[in-house]
Every structure is written in structure tokens, then in C-alpha cells.
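Peer 1: Below: one structure in C-alpha cells.
Only the coordinates and a few stated rules stand behind these numbers; no lab work does. Just so we're clear, the structure is a prediction, and the values are computed from it rather than from any experiment. A quick note on method: Cβ atoms are made from the backbone with ideal geometry, for glycine too, and the neighbour counts reach across all protein chains shown.
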């Protein structure tokens, strides 16, 4: 039987001939004809004109013929919806065929016919098939629901297929309830680790690391990577997991090359997140001569990431080999890698430089150019160390034809002009073809000549004139012109300032310039094994439209193994109909679950999406389980709130008095200087610094946002994670105008203490998410506790005594505040302005004893005894704190210390 | 969720095109053809993104297989599927070639429908598929009702890889321990890197649903069992090996391996790969290569290479081939070897020395004089390593099969009745010595 002949018919009048054959009486001839039709279809010919004739062949007991007709139907039904209805009857009939294979075939094909008119007719047969006695038919029907949902989600819901599906989840047959074992790890166990932070669950995942299917292995790796996020590094268990992860990852490298590539892209993420996993495995990343180029390039990347002092000698030897290979890209990358090793491992810098010099001696054009580019970087990292090699570099000046290399060389000449005798000649030689150079080279040349002029002003005046006029008068490039004018003006108005600007000391370049940005890295870790991890891009960057986003809001299927979940639990806005994806890639589901909130664009005012953002913060704060279960950490700070009755009234009068006495400090409690909370490096150029203030009863967060990126930032929003003292913003983050590059804006964000409570570690930890048009960023900060000290924190004397006695002694905490030269009055008034009230004062044996009280926003009272020894040369103040919630004492003490010392 | 699957010939003509999802259009077929196949470059990445559509592609001889998607799919799974697809096709009609694919295109469509429904991979175990998808079309017309339901329960069953009711007159099983030894050695004989990647392939012809238990000289198990006298224990520990990592066929109960390190399973019928292992410790290198290269002036090169076999004298290694690179400016070579045949192959810039058979604990030598043309190439000859190929009945990782027990509640035969065969085959992977 040679079916290949069907591919060769290309003569004219073919369609007509086929038509005749399709209507033939002979079965064999019919079948032949249909095969020809399918072959033409495959090649891309339009055979839709034959639709009625092909559908006529459908009524047959020959299964092969039937399958062929079905295949045709799937392809063309859409273009001939009216005709397609003709097929419905056969489907309905086939769904009742005694042979389960035919029933399954019918239901499978039905789902693939994406014609609205037909879909309605399909519901009845589908319903029957979902309850079929045969598991194979049930399984196929379940997939069909997914298909149907893709066409018409509403219909699936209306017809109640979801409920039927849910019954299937508890099906006795594993193939129906789960996915096929070799392909998909059963869902229930994958989700289990997220519900509880329990190592025993992890023990269920770790065996999967020995599965022959690398998709299963990578999914297990992903779960464990997420799990480790929640573990403290000191735990023995953490170490055990680290050890368990390395071997399977190495084993993936002996798979077929395409899988190796997927594995390597993932390992690249893993070593950035947790380099300790593979730090001893450097050798396995050495390139083999028969590796495909894409594997070689990825291995090289990982080698550099794992390079350390311990293995650098080996790595360098390898890299030197690679630099002599054939593939140009690979060689370039190897040369560049040598430079990166020099920058990363200081001890190896010298060896790297000499290796690079050896390579330059080979005179292989692209090797030389690449070497010069990296040597420039080495100069930036170790100034005044390797400049002796400049002479060698200069010898190769003429062979450089790539802009990057030319620019690098010019930079070197300009930067070290004072050490190169003929620097002016060298630069002048470049100047001849100035207008043919690329912008990169032109800019560099301009700067280099200005540097040269500043260093050797006497001989180079003419040269600088020449370059300035070339850049400003003869160039169309605005960047170049602007830079030219700036230099010109600088030089003509204030040469000293010009020197300071142009020859300013440059910051050292950082070790790793190509690391993935941490928030993106965390997101990608959640996508291990998927396409996102291969591209190193979030799915939103390559998945079209809303589908990916919708997927993210899939209700946690965690419960689905028990099939107890009701559709009402689905978050609002997510079509509950997403459930019928019965056999989703487990990776996606899990990824979705973990990522619930990292991706979706936050639209509208941030408050409306608070639940979404909270989750995101939780994820990074390490409280994964609060995202999913939220049962572990939630414990209100204190249940027992002592003696908050009566006191405020009694102290009203003295409050008034106290207020007036502290004239200077009336404005409010102590304000700590601003600290940088979110460095620009971690937030794609957005820098946030801030502090907390309390003024006349209201707390606010004073923020300073600086745009250090090159693009304008807009659409700011802020959200807090739940925290110990229910701090929450009362208004959206108001940034009125877009924040342009290098602009700073100051904002005071009013806070309330009516948010929801979650005990944090440490107690005063606050996790914040800030969003702008670029991304969502997370940071956490510690707020000083005194912003929570309320104004009516003065306790009645009697009450104080009673409460002091009442609180058990084990709740008393003793602290020392050193180097505090204040006397009792000064201390008292200082503390008062931060709402710590002195109730009584005594002098015992030359010591001043201050008895004080304060109340937190959540009603917790703290009582204090402050002992000050006026004549004490060490200026130590002793503080005893008593409180029913002793965990706050430490933080109250810190508040005391900051207030007294500032 | 794969959106579609295409198969092309080397010219980029479509042989098979199956689209599962609406987001993949006919233009995707052409996009891949134009951007990847017609680009005629070395593949720079097995995953290509063209206009927001991702193509996962592999090549078998000159046939391209591409899975297409617009979603964030599980990449590892897609490739695993493509390999599996190749395995299944190969199991049905042999080599994957344009002709075979064209000859079987109807059948391939049938297969694609079954193993990738709506883009979700389904059961693709060849043994099971063969029960209901055949090249002669589906047998169904002639099947009884019992047979049909047996097939469907098989396809969806807990043990998807084995059907019920298998019967053999003679219960027999074959175990092949296949290893490939990789080595990189310095000229001074220092091991720079060495590892053995091993596979245990099993062919089982067993009736019913047999439970099997496989035992090897894994250090961890032996230490766990640590019974007997101290002397015995230390002896067995010496013979045991430390495996770096192993992976198993889906039939193996992984949790049991994780907890007890025991390898238990119900095997598929016929041939399958039970396990893969990777070993880097205590490897016995079957051959030592001792090179001696001397440059005499700049026109002559003297090469002497000694190979020593390092395994039991009773064993014979075969297909031994030593490849000694020569400089690019070689004009002629004179070779003398004690054993086998050697000749200079100018197109490969190497001398190739072939020996048909060699027993253990022997040594052999080759010496050659290479005439060099004068050259003004300043670049020094990089001296690529001497590489070697061989095959022999030994396991370089020292892995030993200790037992393979067959038992089961409903079997009408016992472990003793099963005829068992064990074979060790060691081959060279990349086996190179620097000179």
C-alpha cells in the first residue's frame, strides 16, 4: 500500500474527477478518493468545493473511511456551516454505537467542529457520553467539554456541563480524573504543598525527580523551588532539598538536545535564584564538541554564572579552548565570557587579561575585536591596573571594523590619553571618516577628543575644534549635536568645570550586568518548565490577548481532587467556565496558582483590586500559604487589651496642660530621616525613599519617588500587605503629573489603622507593592512603633498602679539606653511629644524615676519605668516595660531609644 | 496545549498538518517554512517565535516536526511529546522518512487524533495503541464486545502501559545493561573528567500482570541491608557503586524508590528502558591511551601511541578505533602498528587505527612519522585530543544486576520458571586523551 501517490496528483480538472470518484458505488474507489482529498488538503489546496460529496461518504461502516471524512469535516465545516449540519445526524447516531471506540471518535470529532449552529445539536449526545459506561468515552467527552467551552463558554455553563465534569473528577478511573500519568503529574499532589507548609508533602514531590519524563522532573523542581522560598536557609531540610535538586538537573543534560536546551534555560534561572544548588557541578556545563550551537551558547552562560574563585582555573582553560572553535557567535561569546570572569572573580583578572592578550595575538579579526570590547570593561572595573596592555591594543587599531570594538578602542585611547604618546594621532586617524562612522563611534570619538584636550590642551586645540565643528555643524544626529554643543559651551565658559565634568571619576561597573531583574526572576521561577522560562519573558510578553490573564484567575483547583469546590468560590470576574480545561498542563495550573497576581494589569483605582495585590505581596514576603490558605499566620497581635477604660477621660486635663507645655514640639512626634526603601536598581529605575510621621493624631507615610529610568513613569498605585497593626493607605497614591526621567516627587500618603490584621515577623514589618506603567515592585520596610502611640495614651495614676501590679512579672522587659545625656525633664518632654506620657516622677537614691504610659492604635497599653541617673558618667538610662502583649516591648524600647537620642 | 502539529520534508513542503486550535492558522504553516526551513542556517534555537507564535521543532533525518502554540505551554512536555511521536511512528512503520510519512499519512492523522486530543497529550504507549490503531485501519468491525471494552479500559487504565491477558508459553526476560563511558584525560594520565551514562533496557515476555523487583549493587541499598558479618559487609560495600542519579520508566513506583530505594514495577510487554543512570565515581576505564608526540624541527612530527586494555583477560573488546589528529599542513604519514590496521586520512586530518578485537590486560602500540609542509601560519597547531571508540562486554560503572524477581498474586508461574538473561555492553562515548 503506497499512499504517497496521493500527493502527486496536480493535474487540472482534478476536483471534477474527484467528485465523480467520491460518488462512485465502489467502496474502495470512494476511499481512494477521500484519501486524495485529504492529501490535497494537507498540501494546502482548497478542496472545500467537494464538501457535500465527502459528507455523503460519512454514512459508512468502514471506520477508516469514517475517520477520513471526519478529518475533512474538522477542516472545512467552518467554511460551509450550512452543509455541516448534514453531518449532525451521523454524529448523533455514532454516539450511540455499541463500539466505544466509535462513540469516542464521534464525540471527539464533534468538539472539533467549530460551528455555532452545530454546537447546539451536540449538547445532548455529549451529555450522554459524559455518563457513558466506558471510561474511554467519558475521558474523551471530558476533553470535548473543554473544546466546547472554547467555542461557547456560556453554553457550557447553561447546559450544566461543569457540574457533570466535577463528578468526573472523582471518577474511579484515574485517566478520567487526572491526566495521563506519563504526561501529567496528578494534580492533587502538586497543589498539596501550597496548602500547608509541610515537609511531608515535599516528600511526595521529590520522588518525581527520578521520573524519566523531563516535563515531570521540571515541574517537581518548580514546586520545590517555590517551597524553598518559604524555608529558612538554616534548616537542615533546606540543605537536604538543595542536595536533592542537583542530580536530576544534571541528568537533564543527558537528554536529547532540544530538551537540554529547555533544561539549560531553566537552569539559568535556577542558578540566578539559588546558585548554591549547582555550585559544585561546573564540569557538566563544559561544552562538548558535538553539542548543537544553541546548547553550547546556553552552557557558556551558565559557566559564567557559576564561575568562582574555586573553579576559575578550569573555566578559563575551557574558555580559551572555545575561543578557537569555528562558530563565530560561540567564539565571540567565549571571549566575552573571559572578560566577564575577570570582572566577576577578582583574583583571576590578571590571568584573564593575559589570556585575552594571547587571543589578540591570534589576529583572528572577530576575536580581536571582541577582546578589545571586554578589555575596556576590565579597565572600568580595575582602573590603573592593566593599562600596560594598551600598547598591544593599539597595534590592532587598523583591523577593527565593528562599531562596538572601534568605540571601545576610542574610549580606551581617550581615557588613557596621558599615557599614550601618540593619542592625538590615533584619534585624528579616526576623525577622517567621521561621517561614515556609526553614532556609537561618533559619540565616543567626540568624548575621547575632549578628554584628550583637557589632558593635553596645548597640542590638541586644533583637533578639538575640528571634532566640535564636525559634531555640531555637519551632523544631522541630534544626540551628537547636543553633546557637541554641551562640550563646546563647557570648554568655552569654564574649562575647570569642564574638567570636573568630563574627567570625573567613573563608578566601577558591577559584576553581573546581565542578571535578570529580581521580580521578573521570581515570576519566571513560577513558570519553570514552560515557554516563559525558555524565553525568559513573562507570559504576557508573548501570549496574546486576555486569555493568559483569564487563565491566571482560575480558581484554585486544590480542592478539586475532592470535588467539593463550588463555582461560587471562583473570584469575581473570572469566568467560572474556565474549569473545563480538564487536562491542563500541570505546569500552567500550578504556575497560575502561584502567580495569581503577579501578571494581570491593575486597572482602575488600586483599592478596587486590593485582594489581588495583597496576594502578590504575600507571595514575595514568603507567606505563600496566606495566599492560598491564609490560616497560619493570621493571629491578631493581642487578644487581651488591658485597662483601656476610664483613663482617657481622667487624663484629659493634664493632656491639655502637657500640650501647651511642649510648645516647640507641638507639631508632632519624632520623624526619622528618609531612608531608601526601594533602590532604583531593583525597580527598573524607580527609587522610593520615605519615612513615617505622626501629626496631631494622623499617621502618614511620606514618600519620595525618583525616576532614575530613561522613560516617563505614570499610573502609580500603592498597596500594603496585611500587617500587624492594620496599617493601610486611606487614599490612592496621588502622583498628579507623569514622572519624567530624573524628576523627584514628594507625596504624603495618609494612613489609617483600620485595615486587616496579619501578624508579621518582625512585628513592625510592612510589605508594600508599588505599581507604575512599567511593572509592579515590592519592598518591605520597618516602621517605627511610635507612629502608633495615640494622643490619649495617658493613664490615670491609680489605674497605672493597679495595672502595673496586675501584669505578671514575666511580662516585664528590661532595657538599657546608653549614651543618653538627658535629664528627667528633657527626656519627659521629648517623649511627650511622641505621645509617651509621664504620669509620675520620683527621686530614689539620686535616681530620677519616671513612670510613663502609652497606648497603641489597637488599644494595647504599655507601662514604663524610666530610671535616669543624673550624675552617671556613662549616661545610661534604664527602661522597664510592662505590657500584656510582651512582644511589642522590644519595639517600644526601640522607639524610646530613637526618640531620646534624636 | 499544543495548537497544531506540522510535519515537513527538507524542502519545507507540508506532509502532515493538523491544527487543534483556532488561534493557529494556515499562515503558521508557511511562517515556519519560510523562517526556519528555508533559512537554511544552522538551527540557533529549537524554539522559534515568529509573530507571537511559538514553534517547537525537532529534525529526524531530513524530516521536520513542529509543534505550534500561542500559549505559555509546558516546553519540556512539548518536546517529550514530539520525541514520543517519533517513537510511535517508528514503531509502526520504521524509519521516519518522507516516503514512509506519505505512505502512512492517513494513519498518522489517526494517530495524531488519538495521542494529542485538542492539543493535550494522551496515552501514547505504543503497545497499547497498537491494540486499536493499526495500519490496516481499525479492526473494530471484527472485534467482540469484550475485546472492545478491554481495549478502552486498557487505554484509560491505571496501568496504561500494559494490557491484561497477555500469555506466553515460555516466560522469559532479557536485561541489557548498556553503558557509554566518557573520558577526558590529560597527557600525563590524569583524569580531567569521566562519567558513565548507563541504561538498563528490559525485554519482557511474561504472562499476566507480573510484579517485578530489580536489584543492583547500589551502595545505599547494600549499606541499608548491612547484615552479616563485618567482613562480609565491607566486602559487599567494596563491590557496590554510588550512582549519582537515576531516572525511571513511568512503570516504576517512584515513591518506593525514594523511600526504600527499591525498584519495583509492572513492566510493559516487550522492550522498554527501565532506567537510566549517571555515575562519576569509581569508574573503571577500559582503555588507557598513552600518547607521545615529538616535533622534530618544523617539518616532522613523531607520534607514538600505546593503548592498554584494562579489563578481565577473558573478555574481548571489539570495534576498537583510535583517531590520532595530524596537523593541517601534513604532507604524508608513515605508520607502523603492532596490531590491526592504520592509515592516514587526509580529509579528516587524522590517522585512524582500527583493531577488530583485543583481549583484556593487553597492550598495543602505533608509531608514525608525519611529514609537514613548511607553512607561514603563525598559529600553533592546537593538538586536538586523541579519541577512541570501542565496544565490550563490561560495565565501566561496575553496575551489577543482583536480581530481577518476578512474582504476582495471580500468576500461574513462579520466579524460578522465568528464564532470565543478563548482558553487559560497554561502549565509548566521548573518550579522549589530550596529547
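Peer 1: Using r as the Cβ-Cβ distance of residue A:744 and residue B:259, and R0 as 56 Å, what FRET efficiency do you calculate, to the nearest 0.05? Don't skip to the answer; put the middle values down first.
Peer 2: Details: r = 59 Å, r/R0 = 1.05.
After rounding, the FRET efficiency stands at 0.45.
Peer 1: Could you work out the relative contact order of the stretch A:675-783? I mean the mean sequence separation of Cα pairs under 8 Å and 6+ apart, divided by the number of residues, in percent. Intermediate results must be reported in sequence, preceding the final value.
Peer 2: Working: 264 pairs, mean separation 29.8, N = 109.
Over the stretch A:675-783, the number comes to 27 percent.
Peer 1: Between residue A:309 and residue A:819, how many nm apart are label points set 7 Å from Cα along the C-beta direction?
Peer 2: Taking the simple label geometry, residue A:309 and residue A:819 are separated by 3.2 nm.
Peer 1: Could you tell me the calculated FRET efficiency between residue A:123 and residue A:56, based on Cβ-Cβ distance and R0 = 35 angstrom, to the nearest 0.05? All intermediate terms of the calculation are to be shown ahead of the outcome.
Peer 2: Values: r = 26 Å, r/R0 = 0.73.
That gives a FRET efficiency of 0.85.
Peer 1: Something else: Between residue A:354 and residue A:485, what is 0.36 nm times their sequence separation minus the Cα-Cα distance? Round to one decimal in nm.
Peer 2: Values: separation 131, 0.36 × 131 = 47.16 nm, distance 4.02 nm.
That pair, residue A:354 and residue A:485, stretches by 43.1 nm at full extension.
Peer 1: Tell me the label-point distance for the pair residue A:234, residue B:403, using the 7 Å Cα-to-Cβ offset, in nm and rounded to one decimal.
Peer 2: Simple spin-label model gives 4.7 nm for this pair.
Peer 1: Sticking with this one: Just need the relative contact order of chain B here, percent rounded to a whole number, with Cα pairs under 8 Å and 6+ apart. Let's see the in-between values first.
Peer 2: Values: 885 pairs, mean separation 66.4, N = 435.
Rounded, it is 15 percent for chain B.
Peer 1: Separate question: If you average the C-alpha positions of the stretch A:225-291 and of the stretch B:183-197 separately, how far apart do those two centres end up, in angstrom?
Peer 2: Here the answer is 23 Å between Cα centres.
Peer 1: Okay, next question. How far apart, in nanometres, would the label points at residue A:279 and residue B:211 be if each is projected 7 angstrom from Cα along the Cα-to-Cβ direction?
Peer 2: Distance between label points: 4.5 nm.
Peer 1: PRE reach from residue A:521 (point 7 Å along Cα→Cβ): which of the stretch A:294-326 fall under 16 Å by backbone N?
Peer 2: A:301-308
Peer 1: Here's a follow-up. Taking a quarter of the surface of the convex hull around the Cα atoms of the stretch A:788-901, what do you get in nm²? Display every interim value, and only then the final one.
Peer 2: Working: hull surface 25.9 nm².
Approximately 6.5 nm², given one-decimal rounding.
Peer 1: While we're on this one: Between 0 and 90 degrees, rounded to the nearest ten: what's the tilt of helix B:145-156 against the longest Cα principal axis of chain B?
Peer 2: Result, in degrees: 50.
Peer 1: To the nearest 10 degrees, how steeply does helix B:230-239 sit against the main Cα axis of chain B, on a 0 to 90 scale?
Peer 2: 90
Peer 1: I'd like the mean, over residues of B:111-119, of how many other protein chain beta carbons sit within 10 Å of each residue's own Cβ.
Peer 2: Details: counts 0, 1, 8, 5, 2, 0, 11, 12, 5.
The shielding value for this peptide is 5.
Peer 1: Residue B:310 to residue B:174: extension gain in nm, 0.36 nm per residue of separation minus the Cα-Cα distance?
Peer 2: On the way: separation 136, 0.36 × 136 = 48.96 nm, distance 2.70 nm.
Length difference between fully extended and current span is 46.3 nm.
Peer 1: Considering only C-alpha atoms, what is the centroid distance from the stretch A:394-435 to the stretch A:478-528, in Å?
Peer 2: Comparing the Cα centres of the stretch A:394-435 and the stretch A:478-528, I get a distance of 21 Å.
Peer 1: On full extension of the chain, what length is gained from residue B:292 through residue B:346, given 0.36 nm per residue of separation minus the C-alpha to C-alpha distance? Intermediate results must be reported in sequence, preceding the final value.
Peer 2: Values: separation 54, 0.36 × 54 = 19.44 nm, distance 2.09 nm.
Stretched fully, the residue B:292-residue B:346 segment lengthens by 17.4 nm.
Peer 1: Something else: Mind jotting down the distance between the C-alpha centroids of the stretch B:1-75 and the stretch A:751-784, whole Å?
Peer 2: After rounding, the separation between the Cα centres reads 46 Å.
Peer 1: If I build a Gaussian network model for chain B, linking alpha-carbon pairs within less than 10 angstrom, which residue out of B:163, B:199, B:44 has the largest mean-square fluctuation?
Peer 2: The residue with the greatest mean-square fluctuation here is B:44.
Peer 1: Also, quick follow-up: Just need the relative contact order of the stretch B:287-392 here, percent rounded to a whole number, with Cα pairs under 8 Å and 6+ apart. Display every interim value, and only then the final one.
Peer 2: Working: 239 pairs, mean separation 40.3, N = 106.
The normalised contact order for the stretch B:287-392 reaches 38 percent.
Peer 1: Tilt of helix B:75-93 relative to the longest C-alpha principal axis of chain B, in degrees (0 to 90, nearest 10)?
Peer 2: Taking the Cα atoms of chain B, the angle to B:75-93 is about 90 degrees.
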